[in-house]
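One structure is given below, encoded as structure tokens.
The values are calculated or read from the model by the stated rules, or taken from the named source; none is laboratory data. Keep in mind that this is a model prediction, so the values were computed, not measured. Note that each Cβ is placed from the backbone with ideal geometry, even for glycine, and that neighbours are counted across all protein chains shown.
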Amino acid sequence: MGRITFVEHNGAKHPVEIEAGKSLMEAAVENGIPGIDADCGGACACGTCHVIVDKSWVESTGEMYASEEGMLAMTPEKTDTSRLSCQVTVSESMDGMVVHLPEFQM
Ligand code: FES
């Protein structure tokens, strides 16, 4: 249905085919994207699926709940467009989206 590109901190790009309804974290893990550890399996409890959404795409990632905000607040590399990828549901409108990976996960 489309592609999302994960960009490592060193600039390496990883385009992946996306499937609507899955989480962004699942798309990353299933495609072996380095740096997405997802230790809690998507329960919004570990913060190891942190991504930084390209500014032009941040609105398409939807609203953030308090639990995600709280977890992100403990993330050293948090930015204005940070998200926990397990809390972002992939949709067809995300075709072409670019997300960046932090240098380190927690
Ligand atoms: S996978 Fe643990 S917070 Fe996202």
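So here's what we get for this one:
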| read-out | value |
| --- | --- |
| Yes/no for V51 being more than 8 Å from the ligand (Cβ to nearest atom), among the aliphatic types (A, V, I, L, M), part of a helix (DSSP H, G or I) and closer than 22 Å to G11 by Cβ | no |
| Residues being surrounded by 15 or more Cβ atoms within 10 Å (Cβ to Cβ), outside any loop (DSSP other than H, G, I, E, B) and among the hydroxyl-bearing types (S, T, Y) - total across region 87-103 | 0 |
| Residue list for region 54-76, restricted to those being outside any loop (DSSP other than H, G, I, E, B) and under 18 Å from C40 (Cα atoms) | A66, S67, E68, E69, G70, M71, L72 |
| Any chance C49 is touching a helix residue (DSSP H, G or I) at 6+ places or on another chain (Cβ under 6 Å) and within 16 Å of T5 (Cα to Cα) | yes |
| Residues satisfying the stated conditions in region 43-68, i.e. over 24 Å from G96 (Cβ atoms) and surrounded by 13 or more Cβ atoms within 10 Å (Cβ to Cβ) | C44, A45, C46, G47, T48, S67 |
| Unique match (being at pLDDT 95 or above, within 9 Å of the ligand (Cβ to nearest atom) and surrounded by 15 or more Cβ atoms within 10 Å (Cβ to Cβ)) among L24, L84 | L84 |
| Qualifying residue in region 77-86 (condition: more than 21 Å from R3 (Cα to Cα), within 13 Å of the chain's Cα centre (by Cα) and not in a loop (DSSP other than H, G, I, E, B)) | no |
